[in-house]
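The values are calculated or read from the model by the stated rules, or taken from the named source; none is laboratory data. All values reported here derive from a predicted model rather than from experimental measurement. In this analysis, Cβ positions are derived from the backbone assuming ideal geometry, glycine residues included, and neighbour counts consider all displayed protein chains. Just so you know, the surface numbers come from the protein's heavy atoms only, side chains and all, with ligands and any DNA or RNA stripped out. Shrake-Rupley method; radii C 1.70, N 1.55, O 1.52, S 1.80 Å.
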Amino acid sequence: MYCPFCSYEETKVLESRLLETSMRRRRECLKCKNRFTTYEQAYFQLRVIKKDGREETFDLQKVTRSMEKALGKVDSEVLIPLSQKVYQKILNKKKNHVKSTLIGKFVLNELKKVDKIAYLRFASIHKAIDDPKVLEKEINRLT
Ligand SMILES: [Zn+2]
């Protein structure tokens, strides 16, 4: 990108840091010597189709927050890999749209592995388990 300070097109990378979902680079403009940070991130144009047929732009933060809500107090070291797994499953469908019910299923799969209570909490908040018999079975399994 152009230097935000002087519009010169060449910068020197001082430092690169690999993050969970992005690459952070510290840059210095070769002309004015000002420094700034850039982030490089994979971009996907992904739409979510909700139960009522409405569409919205996919938002990983939203998925992460809904998982956090179900898990309660949780470290981001636990939470982020879980939502990343869900994201990977969605991306590997290789479609530009995904049904919210499918996202719900992916989330349930991940929650089930780490916390059964969170799994049930998520299922009841989002009505992610349609069949009441399945839900009952899951509750019985816990008690
Ligand atoms: Zn510059």
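Quick notes
- A straight chain from Leu135 to Arg24 at 0.36 nm per residue would run longer than the Cα-Cα distance by 35.6 nm.
- With a cut-off of 10 Å between beta carbons, the residues surrounding Tyr119 carry a summed charge of +1, where Lys and Arg count +1 and Asp and Glu -1.
- Amide H contacts of Asn34 (H built 1.01 Å from N, in plane; Pro and chain starts excluded): Cys29 sit under 5 Å, all sequence-distant by 5 or more or on other chains.
- Across region 72-126, the relative contact order, built from alpha-carbon pairs under 8 Å that are at least six residues apart, equals 33 percent.
- When the square roots of the Cα gyration tensor eigenvalues are ordered a ≥ b ≥ c, the ratio a/c for region 16-68 is 1.5 or more and a/b exceeds b/c, which makes its shape prolate.
- In this simple spin-label approximation, Ser16 and Arg47 carry label points 7 Å from Cα along the Cα→Cβ vector, and these lie 3.5 nm apart.
- Packing, taken as the mean count of other beta carbons within 10 Å per residue, orders the peptides 93-103, 39-49 from highest to lowest as 93-103, 39-49.
- Local electrostatic count, Cys3, Cβ distance below 15 Å [Lys/Arg +1, Asp/Glu -1]: +4
- Cα-based Kirkwood hydrodynamic radius, region 66-143, one decimal, Å: 13.0
- Distance (nanometres) between label positions extended 7 Å along Cα→Cβ at Ile117 and Gln84: 2.7
- Between the helical axis of 116-125 and the longest alpha-carbon principal axis of the chain there is an angle of about 90 degrees.
- Excluding ligands, DNA and RNA, the accessible surface per residue across region 8-68 is 74 Å² with a 1.4 Å probe.
- Degrees, to the nearest 10: 100-114 long Cα axis against longest axis of the chain: 80
- Multiplying each eigenvalue of the alpha-carbon gyration tensor of the chain by 5 and taking the square root yields semi-axes of 41, 18, 10 Å, largest first, rounded to whole angstroms.
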